[in-house]
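The values are calculated or read from the model by the stated rules, or taken from the named source; none is laboratory data. Given the structure is predicted, the values throughout are model-derived calculations rather than measurements. Glycine also receives a Cβ, built like all others from the backbone with ideal geometry; neighbour counts cover every protein chain displayed. The area values use the complete protein model at the heavy-atom level, side chains included, leaving out ligands, DNA and RNA. Shrake-Rupley method; radii C 1.70, N 1.55, O 1.52, S 1.80 Å.
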Amino acid sequence: AWRAKKIQAILVFNNHGKPRLVRFYQRFPEEIQQQIVRETFHLVLKRDDNICNFLEGGSLIGGSDYKLIYRHYATLYFVFCVDSSESELGILDLIQVFVETLDKCFENVCELDLIFHMDKVHYILQEVVMGGMVLETNMNEIVAQIEAQNRLEKSEGGLSAAPARAVSAVKNINLPEMPRNINIGDLNIKVPNLSQFV
Amino acid sequence: MVHLEGNSGWRKIGSWPWIVKIYSKGIISRMPAPIRLRELIRTIRTARTQAEEREMIQKECAAIRSSFREEDNTYRCRNVAKLLYMHMLGYPAHFGQLECLKLIASQKFTDKRIGYLGAMLLLDERQDVHLLMTNCIKNDLNHSTQYVQGLALCTLGCMGSSEMCRDLAGEVEKLLKTSNSYLRKKAALCAVHVIRKVPELMEMFLPATKNLLNEKNHGVLHTSVVLLTEMCERSPDMLAHFRKLVPQLVRILKNLIMSGYSPEHDVSGISDPFLQVRILRLLRILGRNDDDSSEAMNDILAQVATNTETSKNVGNAILYETVLTIMDIKSESGLRVLAINILGRFLLNNDKNIRYVALTSLLKTVQTDHNAVQRHRSTIVDCLKDLDVSIKRRAMELSFALVNGNNIRGMMKELLYFLDSCEPEFKADCASGIFLAAEKYAPSKRWHIDTIMRVLTTAGSYVRDDAVPNLIQLITNSVEMHAYTVQRLYKAILGDYSQQPLVQVAAWCIGEYGDLLVSGQCEEEEPIQVTEDEVLDILESVLISNMSTSVTRGYALTAIMKLSTRFTCTVNRIKKVVSIYGSSIDVELQQRAVEYNALFKKYDHMRSALLERMPVMEKVTTNGPTEIVQTNGETDPTPLETKPPPSGPQPTSQANDLLDLLGGNDITPVIPTAPTSKPASAGGELLDLLGDINLTGAPAAAPAPASVPQISQPPFLLDGLSSQPLFNDIATGIPSITAYSKNGLKIEFTFERSNTNPSVTVITIQASNSTELDMTDFVFQAAVPKTFQLQLLSPSSSIVPAFNTGTITQVIKVLNPQKQQLRMRIKLTYNHKGSAMQDLAEVNNFPPQSWQ
């Protein structure tokens, strides 16, 4: 079938392949989506950190016309599957914009933020990429729009009236009982080098 | 370090009694209010096994379903959010589709937000719910809150069906003209989606594009450029219309580079690189094949190319895009040199990503600026040694593109070394590339044969099937090399039968030239001393080796048979071997042995004539209908029945079918034989053939029945096609076409033409399969009008794998001396989902460059 030129998928998973964000801009049946996530994970996993951030798309997503462009931050892989409609190097910068925006919205983003705020991550992504096309790259603008929408939501009572930062709640209740050999610092994994583009 | 997920910290925490208590409150003794999303996530994370997780999710799904049934409005949004989480983990969540719609229809922004997100993640295009959605989206597009409007635009721009787009295009167009930049940028991307779904609506957005580039907001500018790009790519009229925007785009770009620091758009010291890249891409499309537009952007491109700061990725991204634009438009020659030099500099960059894009773009330009790229050859060859497979693959492709008559020896040395050391995934492509390059540029026959043998010995099990018959053909035609070749091959397989293609070629040559081997005449190399028995020992070992495939055994048995006329004192031994295999459990081998036995017993007087050495395939001009049968060297007795005497060609019944199908006598049928095809009955054919030979007096050209199918063809190949290198100075840039697309089967044609022999068009067909099941026994047949001649090489496989996970490729060579418009009928047969499929099609959309 003919495919529109666009970003085909944006996937975030952790070092163990657990999906943290799955957003397809191209229709795939559910099983195929999961297969693609798995295949992508295995393709990306076997690459060292010091080799290039591009690889030809896996067999499922459309073969060599598509590229997987990824960045690896601490425990998370951010993978964009794109075709020739996007500049390879530009997408690397876009991933950085997305991650920095997440960092601004969550104040030192860590994997747990993505887990417990899956909906919010989607909303942030929605302000960066729309329908597989880049919408906005100005971080301040994105953050401002997200905050305005969150305020609007809050004024209605919110999704669940749960504590705003469930993660911190989890962290707090766990701390006293944590086994000693666990390094608490690691729970809050920082995105390295956020201040500058690499 | 603690892994957040998996084996350490969180699992342990999860198993602590107190935490179980907390969560069990949510799961087991759930009160009317469903548990919160965060609670569900926490619970799921305590699961120690996949099964446990599945159980938790099933339980929760049941609760969600019953809540949905109760039409619970308060918690619907919470439940859908939970479903989306489960969906991400791979659990089914379709039952939430309608609930998403209800949320969208709600008055609350919170509900709408999750509802629209759910719609984008869960709904597919076929859903009837789309109809229901259209109304909600229409209302929301006119909502008083911009964020609700934004959600509606986003959803429409993501998943709007063509009906929805038709119904709502007016609203989108209105929002494209609003002064609210938040909505305007979304409307622009939404318009792109609308145009993609319903191209005829494009005109509608034309008036709104007028003021788009005057916008100050970069988000709007960015998406506007995307919209303009889409329109230009879709319609030549739009392209011509928007060429007048070049000065304005140049001005925006200039402002971006000159403006100095602007905190809002600064990325590593560069002002909005994303917008710069986007504009450079649009300029590329506008300047392509247009002198005036290209002229108008020359200066700014030179400026960007020289002024961009490249210590960071952002700068290189812009520079890279500039280079691509320079290469694509009608730019000045000085600028092109500058561009290639930038790529050359990229090749030396420490950043692997930069090296990768440099190789990729050099690959794109190698055809147009061959000599300029050639200057960076040694750097490119060095990239073959890179540790990074992505870079390696690009470097390999580029290296092959750079091979020519002058550097063939040096380049092949590097590539053979690469073939030896590279990962298995590269070997098949690399071997094919070497074969092709050797065929085009071999400085001598000896070198050619040596090179192919090097490939067979280093990567023998990876070479594609057609390598064996091709090599055999090459060897047959190099008469002066026969002794040398057979001796080399004999030594190559001594004690190692693992590389099947090598063993097949060796067996064939030993059978054919065994006498030369034993006589020890070899001028090229120190002759070896072998006896007839030693040679037979080797072939017999191949026959019994458990590494040998059935095909290889066939080669070996046939070789042994041939030796019965080439060897003098071992005929009895050969008779014995042949009779033993008369009862082989391998039917193929058994039949062969039985036939050879009959040859010994009943037709011994003809044996030497039948097993005569293969004739050299000379160029013969034939004007009559030609027929080409190709197999991948499978040793089936096909030639026994399909081989017409050279004087009076008679198409087989299969050919007649195709002939009928083309409805006339003015066409040239071509019958390919798929790798797996077997003749329906082969038992009596030998006798038929023998009778036939008796009648015609067995001319020298009558091939031995035992020979390899392809080689045994009479020398009727299209004049000039068989032996002349085809690919010298390929004319490229011929657009490829989709020749057929139906029932998930898609066939694409790509074209190559030789500058030196422009009457030959080489078409590579690629068949792919987007359905969920493989297509098996795939056979592609083609026929052309009589003024053309056509040769169909053997396909890469007979199975088109499902989900577009691979393709079958097959090469068609068309000789079109009168440069007439190309037409072709194709016939496709395959098995799919348990039933036999057959289809005919006519291909009339050949690009003029492929035949003019």
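Expressed as a rounded percentage, what relative contact order does the stretch A:65-115 have, with Cα pairs under 8 Å and six or more residues apart?
Values: 40 pairs, mean separation 14.9, N = 51.
Here the relative contact order equals 29 percent.
Check each residue of the stretch B:350-365 and keep those whose accessible area, probe 1.4 Å, is at least 50 Å² smaller with all protein chains in place than in the chain alone; give them in order of residue number.
B:ASN353, B:TYR356
Can you give the relative contact order of the stretch B:734-851 as a percent, counting alpha carbon pairs under 8 Å and 6+ residues apart? Walk me through the intermediate numbers first.
Details: 293 pairs, mean separation 32.7, N = 118.
Averaging sequence separation for qualifying contacts and normalising by length gives 28 percent for the stretch B:734-851.
Shielding by partners for A:82-90, please: the mean number of other protein chain Cβ atoms within 10 Å of each residue's Cβ.
Details: counts 0, 0, 0, 5, 3, 12, 6, 16, 12.
Mean partner shielding for this stretch: 6.
Hey, how much of the P(r) for the stretch B:527-571 falls beyond 14 Å, as a percent of Cα pairs? Let's see the in-between values first.
On the way: 487 of 990 pairs.
Cα-Cα pairs of the stretch B:527-571 separated by over 14 Å account for 49 percent.
Could you state how much accessible area B:TYR603 has, in square angstrom rounded to the nearest 10, with a 1.4 Å probe and all protein chains kept in place?
60
Accessible area, 1.4 Å probe, largest first: how do A:GLU88, A:GLU107 sort? If you can, show how the numbers build up before the last one.
Numbers: A:GLU88 15, A:GLU107 130 Å².
Accessible-area ranking of A:GLU88, A:GLU107, largest first: A:GLU107, A:GLU88.
Quote the relative contact order of the stretch A:9-156 in percent (integer), defining contacts as alpha-carbon pairs under 8 Å separated by 6+ residues. Don't skip to the end; give the middle numbers.
Numbers: 170 pairs, mean separation 28.8, N = 148.
It comes to 19 percent, rounded to a whole number.
Listed here are the pairs B:LYS82/B:LYS746; B:LYS138/B:LYS210; A:LYS120/B:LYS102; B:LYS210/B:LYS364; which of them are more than 29 Å apart at the Cα? Each step should come with its number before you reach the end.
Details: B:LYS82/B:LYS746 40 Å; B:LYS138/B:LYS210 25 Å; A:LYS120/B:LYS102 21 Å; B:LYS210/B:LYS364 34 Å.
Pairs exceeding 29 Å: B:LYS82/B:LYS746; B:LYS210/B:LYS364.
Under a plain spin-label model, where a point goes 7 Å from the Cα along Cα-to-Cβ, how far apart in nm are B:LYS138 and A:ALA144?
Between B:LYS138 and A:ALA144, the label points sit 3.4 nm apart.
Starting with the highest mean, order B:422-431, A:130-139 by the number of other Cβ atoms within 10 Å, averaged over the residues of each peptide.
Numbers: B:422-431: 17.3, A:130-139: 24.0.
Most protected by this proxy first, the peptides run A:130-139, B:422-431.
What average number of partner chain Cβ atoms lie no more than 10 Å from the Cβ of the residues making up B:384-390? Could the numbers behind the result be given before it?
On the way: counts 0, 0, 2, 3, 8, 6, 9.
What the average comes to for B:384-390 is 4.
What is the extension gain from B:ASP291 to B:HIS94, computed as 0.36 nm multiplied by their sequence separation minus the C-alpha to C-alpha distance, in nm to one decimal?
Numbers: separation 197, 0.36 × 197 = 70.92 nm, distance 5.40 nm.
Here the answer is 65.5 nm.
Could you derive backbone 3J(HN,Hα) for the stretch B:506-515 from the dihedral phi with the Karplus parameters 6.51, -1.76 and 1.60 (θ = phi - 60°), listing whole Hz in sequence and x where the residue is Gly or Pro?
3J(HN,Hα) across the stretch B:506-515, in whole Hz: 4, 4, 4, 5, 5, x, 6, 10, x, 4.
Enter the mean number of other protein chain beta carbons within 10 Å of the beta carbon of each residue in B:265-277, as an integer.
Working: counts 4, 1, 7, 5, 1, 2, 0, 2, 6, 9, 3, 1, 6.
Average neighbour count from other chains, rounded to a whole number: 4.
Between B:GLU525 and B:ASN404, how many nm apart are label points set 7 Å from Cα along the C-beta direction?
With each label point 7 Å from Cα toward Cβ, the separation is 3.3 nm.
FRET efficiency for B:LYS601 and B:MET547, Cβ-Cβ distance as r, R0 = 41 Å, nearest 0.05? Walk me through the intermediate numbers first.
On the way: r = 32 Å, r/R0 = 0.79.
Rounded to the nearest 0.05, the efficiency is 0.80.
Compare the peptides B:134-143, B:495-504 by average per-residue count of other Cβ atoms within 10 angstrom and give them in order, highest first.
Working: B:134-143: 17.9, B:495-504: 20.6.
Averaged packing, sorted descending, gives the order B:495-504, B:134-143.
Determine the total buried accessible area between chain B and chain A, counting protein heavy atoms only with a 1.4 Å probe; round to the nearest 100 Å². Write out the running numbers ahead of the final one.
Working: alone 38860 and 11330 Å², together 41760 Å².
So the buried area, both faces added, is about 8400 Å².
What are the residues whose amide H is under 5 Å from the amide H of A:TYR66, where those residues sit 5 or more places off or on another chain and H is modelled from the backbone?
A:GLY57
Taking a ≥ b ≥ c as the square roots of the Cα gyration tensor eigenvalues, with a/c under 1.5 meaning rounded and otherwise prolate when a/b beats b/c, else oblate, which class fits the stretch A:9-156? Mind dumping the intermediate values first?
On the way: a/c = 1.64, a/b = 1.59, b/c = 1.03.
In terms of gyration-tensor shape, prolate.
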